[in-house]
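Read through the structure below, which is laid out as structure tokens, and then see the notes.
The values are calculated or read from the model by the stated rules, or taken from the named source; none is laboratory data. Predicted, not measured: the structure shown is a model, and the values here were computed from it. No Cβ is skipped: glycine too gets one built from the backbone with ideal geometry, and neighbour counts run over all protein chains shown. Please note that ligands, DNA and RNA were not included when accessible areas were found on the heavy atoms of the full protein model with its side chains. Shrake-Rupley method; radii C 1.70, N 1.55, O 1.52, S 1.80 Å.
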Amino acid sequence: MDLTQRQRFPRSPKSVGAARTFALNALTTWGVVDRLDDIRLCVSELATNALLHGVPPGRDFELGLTTDGTDLHITVRDSGDGRPTPSPLTPDGCGGRGLHLVRELADDFGVTEHSAGKTVWLTFKAATGEGAVQEAARASRHTGLST
């Protein structure tokens, strides 16, 4: 059985934190606790990008979460023009790393264009079996621990 939660957020800087809270509350209620730090970061990045680049004044964006018990699908839909593309990385740059992080952390990532706006989506696969070993290896790279 699929579980789905959706919520709309206004074009406001406060919406980024509200989107993170909404996502974490839904996921913990569902018992989806694997990779919460990665998910929180990705929700933050997608919500921030929607506000900075996608949501026209007076409009809002929608965060959607769906799990089928195996995969977690996250969507952020806005009504703005343009397709998100990662910025070129520079050693002294202060921004432009969000989509690079999202693409590295999520198991799948993409954009679906609509007649008005687009949906940026990503997928996290459950950390079970071989996936758990890969997740442990990824965590050890980030923390300096060995597996």
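Quick notes
- Other residues with beta-carbon under 12 Å from the beta-carbon of Leu51 carry, at +1 per Lys or Arg and -1 per Asp or Glu, a net charge of 0.
- In the context of the full set of protein chains, the range 1-132 has a per residue accessible area of 55 Å² (1.4 Å probe).
- Förster radius 22 Å - calculated FRET efficiency between Arg6 and Ser87 (Cβ-Cβ, nearest 0.05): 0.15
- Look at the Cα gyration tensor of the range 50-102: its axes a ≥ b ≥ c give a/c of at least 1.5 with a/b at or below b/c, and that counts as oblate.
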